[in-house]
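A.B. asks: This is the structure I want to talk about, given as structure tokens.
The values are calculated or read from the model by the stated rules, or taken from the named source; none is laboratory data. Everything numeric here is computed off the predicted structure, so don't read it as measured data. When we count neighbours, we look across all protein chains shown, and the Cβ atoms used for this are built from the backbone with ideal geometry, even at glycine. Only protein heavy atoms, including side chains, enter the accessible area calculation; ligands, DNA and RNA are left aside. Shrake-Rupley method; radii C 1.70, N 1.55, O 1.52, S 1.80 Å.
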Amino acid sequence: QVQLVESGGGLAQPGGSLRLSCAASGSIFTFNTMGWYRQAPGKQRELVVGVTRGGSRNYADSVKGRFTISRDNAKNTVYLQMNSLKPEDTAVYYCNGYIEPTRRDYWGQGTQVTVSS
């Protein structure tokens, strides 16, 4: 059973930075795509950024130029570097992995990010 475990959430001031980590229990190349989603109170879960096995990235317009997804293949970990944070970035952030042959999504437990002065 593949597991994804997030870490790195917390409180940041507007304009500040945080880095989230998502550690997979196995190789991250198990997944066809990996990414980060977020869900704010009262809102639907939305894609923040995804990265394919080949390295193609797809960012939400709201985070382009501020957030960066990266991978450390040796550590089976995906990161989300979040800079220039805004209050509207406040949400629970979830790591996601998708395996196409089985059409199955895997989710982490979520980590809270709060941007407030």
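A.B. asks: Counting Lys and Arg as +1 and Asp and Glu as -1, each charge on the Cβ, what is the dipole of the chain about the Cα centre in debye, to the nearest 20?
C.D. replies: 140
A.B. asks: Can you find, among Gln39, Ser27, Thr114, the residue farthest towards the positive end of the dipole of the chain? Put +1 on the C-beta of Lys and Arg, -1 on that of Asp and Glu.
C.D. replies: Going by the charge dipole, the pick is Ser27.
A.B. asks: Still on this structure, please answer the following. Would you mind getting the accessible area per residue of the chain, heavy atoms of the protein chains only, 1.4 Å probe, in Å²?
C.D. replies: Numbers: 6240 Å² over 117 residues.
Ligands and nucleic acids excluded, the result is 53 Å² per residue.
A.B. asks: Percent antiparallel among DSSP beta bridges with both residues in the chain, to the nearest 5?
C.D. replies: Around 95 percent antiparallel, to the nearest 5.
A.B. asks: How many nm separate the modelled label positions at Asp61 and Gln3, each set 7 Å beyond the Cα in the direction of the Cβ?
C.D. replies: 4.0
A.B. asks: Under a Cβ-Cβ cut-off of 15 Å, what is the net charge of the residues other than Phe29 that fall near it, where Lys and Arg count +1 and Asp and Glu count -1?
C.D. replies: Details: positive: Arg53, Arg71, Lys75; negative: Asp72, Glu100.
Net local charge, Phe29 excluded: +1.
A.B. asks: Farthest toward the dipole's positive end in the chain, which of Pro14, Val2, Gly54, given Cβ charges of +1 (Lys, Arg) and -1 (Asp, Glu) about the Cα centre?
C.D. replies: Gly54
A.B. asks: List the lysines whose Cα sits under 17 Å from the Cα of Lys64, skipping any in the same chain fewer than 8 residues away.
C.D. replies: Straight-line reach from Lys64, under 17 Å: Lys86.
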